[in-house]
Amino acid sequence: MSTVDDLIAEVLEGRHGPDPREIPATSVFWVHHGTRLAGGDTTYRNQYVLARIGSAFGACAFAEGDADPAVCANYSGAPVASLLTEAPAPVRVAALDAYLGSVRPHRTSDAERVVLPAGTPEERARARDAAVAGLLDVEPGAKVALIGVVNPLVAAIRERGAECLPCDLSLRTTQWGDPVTPDMRDVLGVADAVVATGMTIGNGTFDEILRVCRSREIPLIVYAQTASAVARHFLGSGVTAVSAEPFPFSQFSADETALYRYRA
C-alpha cells in the first residue's frame, strides 16, 4: 500500500472489513469554527466535514471551496462505498476515516491513551501539542519540518531542543514572527524529521510527504484530527508515529478528553 487512493481501493475490495456497499454512513455533518488563543494574533479558521459510521466518527478539515454544505443532505444515509467513490475529496477522506475507525476503534486498540486535562483552550492546546512533540525522537539541534502550523506545537518542538521549520498554506508567520513557507519542498529536503497534520491527507499532499520521508529514511510523525485512522494504516510504511485524536476534538470540550499515540 503506497498511497491513500490505494487504501481506498482496498477498502472497496472488502480487504479491511465489511463490504462498504452494505454499510451506511448514518450522518454526514459540517463544523465551521474560529479560534484565537490568548496571547496570539492568529485566528484559526477551521472547517471540517464529518461522517458517522457505526461506532466511529471520521473527520476531514478542508480549505474554503473544497466542499459544500449540501454534502450533508446528499450523503447522510448513503452507503459508505458511495461516499468513497462519488463524494468530494473531504467527504471521501472523512468516510474512509470513519470506516477504518469503526472496524478498529482507537479506544480498544493497543495505542497509548493520553488524557488531556480539563481546562482552558490554552491549557488543553499546550497539553495536546506536548503529547504530539513527545513522539519526536531527535537530537538537540535537529531540524524538524512542521507541515501545518499551530503555535503551541512550534513551542513544543523548540522545548525539545529542535529547530522548527514551519510550513503552512495559510499562515505566513508564527506567533513569534518566524517566516512560514507555503511550499513544503522548502522544508522536506533539509529536515531531519517531519511532523505533519492529518489535513495533508485531506488536501492531497500526504502521498508526496510520505514518498520523500520514505526515500530519505527520516521519521514522519502525523498529528491527526483529520483522518486519524487513515494515518494509522501507514505506520511502519513511512509513518513513524501517529497522534490520533478522534472527534469530538479537544478544542470542543473543556473536560478531560483522550488522544491515542501510536508508534511503528
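The values are calculated or read from the model by the stated rules, or taken from the named source; none is laboratory data. Note that this is a predicted model, so its numbers are computed, not measured. Note that we place each Cβ from the backbone using ideal geometry, even for glycine, and neighbour counts take in every protein chain shown. For the accessible areas, the whole protein counts, side chains as well, though only heavy atoms, and no ligand, DNA or RNA atoms are used. Shrake-Rupley method; radii C 1.70, N 1.55, O 1.52, S 1.80 Å.
Size of the stretch 98-139 from its Cα atoms: along the principal axes, largest to smallest, the extents are 32, 32, 15 Å. What the stretch 4-103 shows is 45 Å² of accessible area per residue, with the surface traced by a 1.4 Å probe over protein heavy atoms. The accessible area of H233, taken with all protein chains in place and a 1.4 Å probe, comes to roughly 60 Å². Per-atom-type breakdown for the stretch 4-103 gives carbon and sulfur 48% of the accessible area (1.4 Å probe, protein chains only).
Taking the C-alpha atoms only, the angle from helix 206-216 to the longest principal axis of the chain is near 50 degrees.
Here the mean projected area of the convex hull built on the C-alpha positions of the stretch 1-136 is 9.9 nm².
Take every Cα pair under 8 Å in the chain that's 6+ residues apart, average their separations, divide by the length, and report that relative contact order as a whole percent. Relative contact order comes out at 18 percent. Ordering of 188-196, 84-92 by packing is 188-196, 84-92, highest average first (other Cβ atoms within 10 Å, averaged per residue).
Between the helical axis of 89-103 and the longest alpha-carbon principal axis of the chain there is an angle of about 80 degrees. Relative to its Kirkwood radius, the Cα radius of gyration of the chain gives an Rg/Rh of 0.95.
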